[in-house]
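Asker: What follows is a structure written as structure tokens; I'll ask about it next.
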Amino acid sequence: MITQFFSNPTALRHLHVDPLCSYIAGYAVRLSEEGYATATAREHIRLIAALSDWLDRRRLGADDVSEQTIARFLKYRRRRGQVRRGDAAALRAFLTMMREVGATPALAPAVDASEIDRIEQRFARHLAEERGLAPATLRNYLPTARHFLSERFGRGPLKIEVLSPKDVSRFILRHAPAMSPRRAQLVATALRSFLRFLYRHGDTATDLAASVPAVADWRLSHLPKYLEAAQVESLLRHCDQSHPTCQRDYAVLLLMGRLGLRAGEVVAMRLDDLDWEAGELMVRGKGARRERLPLPRDIGEALASYLRHTRPDCATRQVFVRMKAPRRGFASSVAICSIVRRALKRAGLNPWFKGAHLLRHSLATQMLRQGASLAEIGEVLRHRLPNTTQIYAKVDHRLLRALAQPWPGDVP
């Protein structure tokens with residue numbers, strides 16, 4: 001595979017430098033699989049050859065490659081004015097490959113013996129093993145617990161038993177004003193969960209969860225953000241089907257605009273989820289749920305065109321992947337939000353809310369105006385609770401007018 005990038009025998013000889021020469025070919029294969037351009041791949045391979053030569057002159061072996069070794073090598077190259085943009089990322093990718101094949105010892109987990117770290121680890125195990133919460137929930141809850149303890153005890157000893165209701169309420173009242181209502185609610189929920197954990201495991205004598213102040217953000221107190229039907233069509237129309245990236249984005253926007261998929265569901269979609277014979281799509285929804293939806297003709301055609309003509313060759317089974325190297329599946333919902341923002345800009349639309357949920361809200365609003373019931377909308381959007389769908393009742397102004405009472409003093 002390395003000859004795909006280097007055909008000159010002299011250049012090839014320069015790459016065969018111990019101790020990394022036997023791994024450079026594998027790295028070349030990975031660069032090819034991830035869709036790197038030939039010129040970029042050559043630079044990365046030369047960089048690894050330079051690292052190998054640097055290791056050899058210092059009598060270091062392949063098993064000595066680590067983050068610290070890479071930092072020393074980059075420092076050496078920087079003094080000589082040889083560092084290029086992307087070198088650090090290329091070296092990290094090579095180190096990852098070396099660990100995967102067992103040539104370099106795996107990264108030892110960081111051992112932090114601080115009291116806060118120990119209690120945070122206990123809380124994490126409680127959330128994951130006893131309550132069965134998803135990793136995303138842990139990422140939201142753990143920082144709040146750490147922040148609360150760090151503020152209360154600072155660098156001093158961790159005396160959990162002295163926590164009081166005043167400590168709890170002060171923490172929320174100090175930070176909530178600087179947050180959005182939803183964020184403040186999340187912090188309050190995380191803190192309640194942490195305080196219940198402390199009580200149930202005997203760290204505190206009383207349950208302090210009741211001391212967490214409620215954050216005012218009443219359900220259904222706001223209007224859903226949505227686009228009008230004509231704006232959604234304009235959004236789709238401005239995707240240039242002759243451009244590969246726009247072709248991919250068009251399929252993404254259709255899935256959210258026609259089927260109401262969430263951003264995370266689009267990211268998680270895999271090639272095996274598409275049942276072309278049955279005309280169905282399996283959706284990997286919230287809480288590890290799996291649901292089958294019919295695959296409308298326009299969405300099926302957009303997906304087929306993207307998969308046949310546009311999707312880069314790569315090892316991942318995710319449907320939607322990066323168009324530039326490294327060619328991998330989307331890492332998170334952030335990529336979907338970026339697609340929506342770009343599409344809005346192309347169509348000349350500037351709504352206040354520009355997140356991926358905009359199209360899901362727009363679908364629900366359009367269905368309601370066409371006569372669909374809230375129960376039908378909830379079924380299409382796959383809401384677990386009927387109350388979740390109630391917010392869309394607010395956008396039907398015709399029905400709401402019939403319920404409105406006349407203002408006192410109005411002349412009929």
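Read-outs throughout are calculated quantities, based only on the coordinates presented, and are distinct from any laboratory measurement. Note that the structure is predicted; figures quoted are calculated from it, not measured. All Cβ positions, glycine included, derive from the backbone under ideal geometry; neighbour counts span all protein chains shown.
Asker: Hey, what did the stretch 2-100 get for relative contact order, percent, Cα under 8 Å, at least 6 apart?
Answerer: Relative contact order comes out at 30 percent.
Asker: For a quick check: sort 380, 252 by the number of other beta carbons within 10 angstrom, fewest at the front.
Answerer: On the way: 380 16, 252 28.
Exposure proxy ranking, most exposed first: 380, 252.
Asker: Could you give the Stokes-Einstein D for the stretch 2-100 in µm² per second, using the C-alpha Kirkwood radius, 20 °C, 1.002 mPa s?
Answerer: Once the numbers are plugged in, D ends up at 158 µm²/s.
Asker: Here's a follow-up. Per Stokes-Einstein, at 10 °C and 1.306 mPa s, what whole-number D in µm² s⁻¹ belongs to the stretch 94-221, with the Kirkwood radius over Cα pairs as the hydrodynamic radius? Don't skip to the answer; put the middle values down first.
Answerer: Numbers: Rh = 16.4 Å.
Answer, rounded: 97 µm²/s.
Asker: Relative contact order (percent) for the stretch 115-211, with alpha-carbon contacts under 8 angstrom and 6 or more residues of separation?
Answerer: Contact order relative to length: 30 percent.
Asker: Helix 244-259 against the longest principal axis of the chain: what's the angle in degrees, Cα atoms only, rounded to the nearest 10?
Answerer: The answer is roughly 30 degrees.
Asker: Share of Cα-Cα pairs in the chain beyond 34 Å, in percent? Each step should come with its number before you reach the end.
Answerer: Numbers: 45608 of 84666 pairs.
Result: 54 percent of Cα pairs exceed 34 Å.
Asker: With the crude spin-label approximation of a point 7 Å out along Cα→Cβ, what separation in nm comes out for residue 92 versus residue 159?
Answerer: My value for the distance between the label points is 4.2 nm.
Asker: At 0.36 nm per residue, minus the direct Cα-Cα distance, what do residue 203 and residue 134 gain on full extension? Give it in nm, one decimal, please.
Answerer: Working: separation 69, 0.36 × 69 = 24.84 nm, distance 2.45 nm.
Difference between extended and current length: 22.4 nm.
Asker: Taking the alpha-carbon set of the stretch 45-151, what are its Rg and Dmax in Å?
Answerer: Final numbers for Rg and Dmax: 19.5, 54 Å.
Asker: Also, quick follow-up: Average projected area of the Cα convex hull of the stretch 229-399, in nm²? Don't jump to the answer; show the numbers that get you there.
Answerer: Working: hull surface 41.7 nm².
Taking the Cα atoms of the stretch 229-399, their convex hull projects to 10.4 nm² on average.
Asker: While we're looking at this one, here's another question. By count of other Cβ within 10 Å, fewest leading, how are 48, 336, 172, 160 ordered? Write out the running numbers ahead of the final one.
Answerer: Working: 48 23, 336 27, 172 20, 160 15.
Final ranking by Cβ density, sparse to dense: 160, 172, 48, 336.
Asker: Net charge around residue 195, counting only other residues with Cβ within less than 11 Å of its Cβ (Lys, Arg = +1; Asp, Glu = -1)?
Answerer: Working: positive: 192, 196, 200; negative: 167, 203, 207.
Neighbourhood net charge equals 0.
Asker: With 10 angstrom as the radius, rank 197, 353 by how many other C-beta atoms surround their C-beta, starting from the fewest.
Answerer: Working: 197 21, 353 11.
Least to most surrounded, the residues fall as 353, 197.
Asker: I'd like the FRET efficiency for residue 317 and residue 286, computed as 1/(1 + (r/R0)^6) with the beta carbon distance as r and R0 of 22 Å, rounded to 0.05. Each step should come with its number before you reach the end.
Answerer: On the way: r = 21 Å, r/R0 = 0.95.
E between residue 317 and residue 286, to the nearest 0.05, is 0.60.
Asker: Hey, rough spin-label estimate for residue 180 and residue 345, points 7 angstrom out along Cα→Cβ, what's it come to in nanometres?
Answerer: Placing both labels 7 Å beyond Cα along the Cβ direction yields 2.0 nm.
Asker: Select from 355, 257, 371 the residue whose mean-square fluctuation is largest in a Gaussian network model of the chain (Cα-Cα springs shorter than 10 Å).
Answerer: Comparing 355, 257, 371 in the GNM, the peak value goes to 371.
Asker: Shifting gears a bit: Using every Cα-Cα pair within the stretch 249-318, state what percent have a distance larger than 17 Å. Mind dumping the intermediate values first?
Answerer: Details: 936 of 2415 pairs.
Result for the distance tail: 39 percent.
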